[in-house]
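Here's the structure we're looking at; comments come further down.
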Amino acid sequence: MTSLLKLEAISLRFGGIIALNKVSLAVAENSITAIIGPNGAGKTTLFNCITGFYRAQEGRILLQKEQKQTDLVALLGGSIKFSEGPLKGLRKFIYGLFGGTHLVARSGVARTFQNIRLFAEMTVVENLLIAQHRQLNRNLLAGFLNLPGYRKSEARALAKAYEWLDIIGLGALANSPAGALSYGNQRRLEIARAMCINPRLICLDEPAAGLNPRETDELSVLIKRLRDEFHVTVLVIEHDMSLVMSISDHIVVLNYGEVIAKGSPKEVQADPRVLAAYLGTDEE
Amino acid sequence: MSRRPVSRTMLLSLFAALITLILTGPLSGLVLNGYDFTTRFAAPLQIAAMVLILRFIAGLLPASWLAPKQKHEVEPRAPRFKTYQLVLGGLVLYLALASLVLFASKYWLAVGIMALIYVLLGLGLNVVVGFAGLLDLGFVGFYAVGAYGYALGHQYLGLGFWAAIPLAALLAGMFGMILGFPVLRMHGDYLAIVTLGFGEIIRLVLNNWMAFTGGPNGVDAPAPTFFGWEFKANVTQGGVPFHEVWGLEYSSGMLDAFIFLVLLAVVGLTLYAVSRLRGMPIGRAWEALREDEIACRSLGLNHVWTKLSAFAMGASIGGVAGVFFAASQGFVSPISFSFFESALVLAIVVLGGLGSVYGVILAALFLTLMPEVLREFADYRILIFGFAMVLIMIWRPRGIIQQRRPFFKRAGS
Ligand SMILES: Nc1ncnc2c1ncn2[C@@H]1O[C@H](COP(=O)(O)OP(=O)(O)OP(=O)(O)O)[C@@H](O)[C@H]1O
Ligand SMILES: [Mg+2]
């Protein structure tokens, strides 16, 4: 199996705190990889690095795309060095101006947030339409005049939005404000919204937080469907161990910003360092 | 319907009267005579008594009368008309309004032009504040750019009215982008203060750059022409007089009538465009940016570009309004572009209902026509204005017309 995403010795410090310390891991294509670890271990920070919200201070994040490799860290620009020549400097300047987060998303990395970030005042279906922004006909004139090309592109987006609403079972609530949905529905809508950008990799930050057992079961079915039916690679942060153990192909355990174990669910469960990190047994 | 106890109402009314006395007492009770002053007790007591009575009456009304009448969310609604119906309806409405030109006096035409200019300004600011949620207190700056762009463009480059409209839109749009860059990372109050400063900078530059803008003396703006026809008694721009071509009696209202007709068409087109924007990808992106910038970035939207485009779009509409202002006045000076104008336009947008296109029209017409109708109360204009604003904000906190979200039907159903 080829790996879709490769992290090579990623480090990130916030002042004195070392949030991530030389984290290396590989995510196999079309797999579900879980990242677990105690509170404050640096899981969300790792996601923020992968999705371009933070810029890793050291290391590379490589996304394999067909034959091409993209370094997601380089997409975010960085400090301009004179030795690199004017062209690269200009490119970094433009990146610096616009920030590169949206470029990471465009290269095929979608995410959800630990504290849900929907467009609360907008309707459910509008949330899904915004995610398809890049795939739409954005010509102003075509829109003002309602030309056939524009109508077709809107109709296609709407069809796709409803397709996803049926998948997550929200078809009946399509035109109600997203902020009025129940917590579980909001979580699922956020996943559907992330899927609407046609990602290769989707990063889910604690998707089961605040869900009841039945909703959690539905969620595990949905996550498996993302892999099997829609062929995306899933990276998931989760505290619910039974969910993690039942869905993941691969687990990475983080503690104090370091990878302390990785492997299949069985291997990780048996690892004494993981038990120590979670239960706080004596350090040797 | 719960009624509050009378004794408590009495107490609150007394309290309100006392506050009024403290606030207005020194203003109305002390009469200055040179370095000396005399006191006058009747006036402040009268005011306080009035407040006491009004407050007491208000207290006796059922509480639900004073409660907001608007729900937090309104149901989205599918568009009720087809595009061709809208176009037909628009044409009929245009003809109906245009025929006003035949009856209206020059005075009312001038009032109508100002009302339409404010509708245009309101529509422009609505894009920035209502859609993109960027509180812009310096909107008058773009209005000034458009007005001066026309006047100075004619003076230095010989630009005509028709060339000035698109060029002013472009120029003001560029200024919008220039303003947008430094404030990209700002929100809410900070953004409001910076944009306020921007509006003032433009006014001060216009006021002090004597050599280029004529400073406080202002600049003449040429009267518009139409394919070489001039709407003046004597031609000044090398065309032919309109009234001679058509064998009409000259009247000074012709120019206003012409400007009114063109402006009405421009307002109609802008109205159509802005109301379509909401359902278009760019309009949705602006609203999404207002709701959550971080989520926008996670979906691959370029938040910088989206924000700048909102500023530019709003500004260029403001610029076009400026051209019409200059053309209708025949003269521009910095006095016309004070902060009060920005506040007025913002009031139009907020009163009308943030994001609501039709609300903005109602509010603009209300705020510009009301002072003309109430000429006798000219001294109390701002007072009535403020009073209306407070009342509307109590009863309809989301504006006169609350915007509805567009409704999206499932395809094939
Ligand atoms: N922007 C920031 N500035 C400073 N410190 C930060 C910042 N973001 C995270 N941290 C710190 O980095 C560490 C890791 O935080 P992170 O949010 O990644 O934890 P987590 O593993 O997601 O925890 P949880 O399970 O509670 O969500 C914490 O000590 C946190 O205080
Ligand atoms: Mg976290």
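The values are calculated or read from the model by the stated rules, or taken from the named source; none is laboratory data. Being a predicted model, the structure only gives us computed values, none of them experimental. Note that each Cβ is placed from the backbone with ideal geometry, even for glycine, and that neighbours are counted across all protein chains shown. These accessible areas exclude ligands, DNA and RNA; they are computed on the full protein's heavy atoms, side chains included. Shrake-Rupley method; radii C 1.70, N 1.55, O 1.52, S 1.80 Å.
Summarise the partner chain shielding of A:174-181 as one whole number: the mean count of Cβ atoms from other chains within 10 Å of each residue's Cβ. Can you show the working numbers first?
On the way: counts 5, 10, 4, 6, 1, 3, 2, 0.
What the average comes to for A:174-181 is 4.
Could you sort out which of A:Lys68/A:Lys262; A:Lys65/B:Lys409; B:Lys82/B:Lys307; A:Lys6/A:Lys88 sit more than 29 Å apart by Cα distance in this structure?
As for pairs spanning more than 29 Å Cα to Cα, those are A:Lys65/B:Lys409; B:Lys82/B:Lys307.
R0 = 56 Å: FRET efficiency of B:Ser99 with A:Arg214, Cβ-based, nearest 0.05?
So, using R0 = 56 Å, E works out to roughly 0.30.
Kindly work out what percent of the DSSP beta bridges joining two residues of the protein assembly as shown are antiparallel, to the nearest 5.
Bridges in the protein assembly as shown that DSSP calls antiparallel: roughly 60 percent.
Note down the nm distance, to one decimal, between modelled labels 7 Å out along Cα→Cβ at B:Arg185 and at B:Ala211.
3.7
Angle, helix B:253-277 long axis vs. longest principal axis of chain B, Cα atoms, 0 to 90°, nearest 10?
70
Just the accessible area per residue of segment A:1-88, please: how many Å² with a 1.4 Å probe?
50
Write down Rg/Rh for chain B, rounded to two decimals, with Rg from the C-alpha atoms and Rh from the Kirkwood relation over Cα pairs.
1.03
Between A and B, buried accessible area summed over both sides at probe 1.4 Å, in Å² to the nearest 100?
So the total buried area for this chain pair works out to about 3800 Å².
With the contact rule set at Cα under 8 Å and sequence spacing of 6 or more, what percent relative contact order holds for segment B:6-66?
Answer for segment B:6-66 is 42 percent.
Considering only protein heavy atoms, what is the solvent-accessible area of B:Tyr380 at a probe of 1.4 Å, reported in Å² to the nearest 10?
Here the accessible area works out near 130 Å².
For the pair A:Arg13 and B:Asp379, how long in nm is the line joining their label points, each one 7 Å along Cα→Cβ?
7.1
Run through the DSSP bridge list for chain B and note the antiparallel percent, rounded to the nearest 5. Show your work: numbers first, answer last.
Working: 8 of 11 bridges.
Percent antiparallel among DSSP bridges in chain B is about 75.
Out of segment B:318-413, which trypsin sites (Lys or Arg not before Pro) are coil in DSSP terms and have no more than 13 other C-beta atoms within 10 Å? It would help to have the intermediate numbers written out before the result.
Values: sites: B:Arg375, B:Arg381, B:Arg398, B:Arg404, B:Lys409, B:Arg410; in loops: B:Arg398, B:Arg404, B:Lys409, B:Arg410.
Answer by residue number: B:Lys409.
With both bridge residues required to lie in chain A, what share of the DSSP beta bridges run antiparallel, to the nearest 5%? Walk me through the numbers before you get to the answer.
Numbers: 23 of 39 bridges.
About 60 percent, rounded to the nearest 5.
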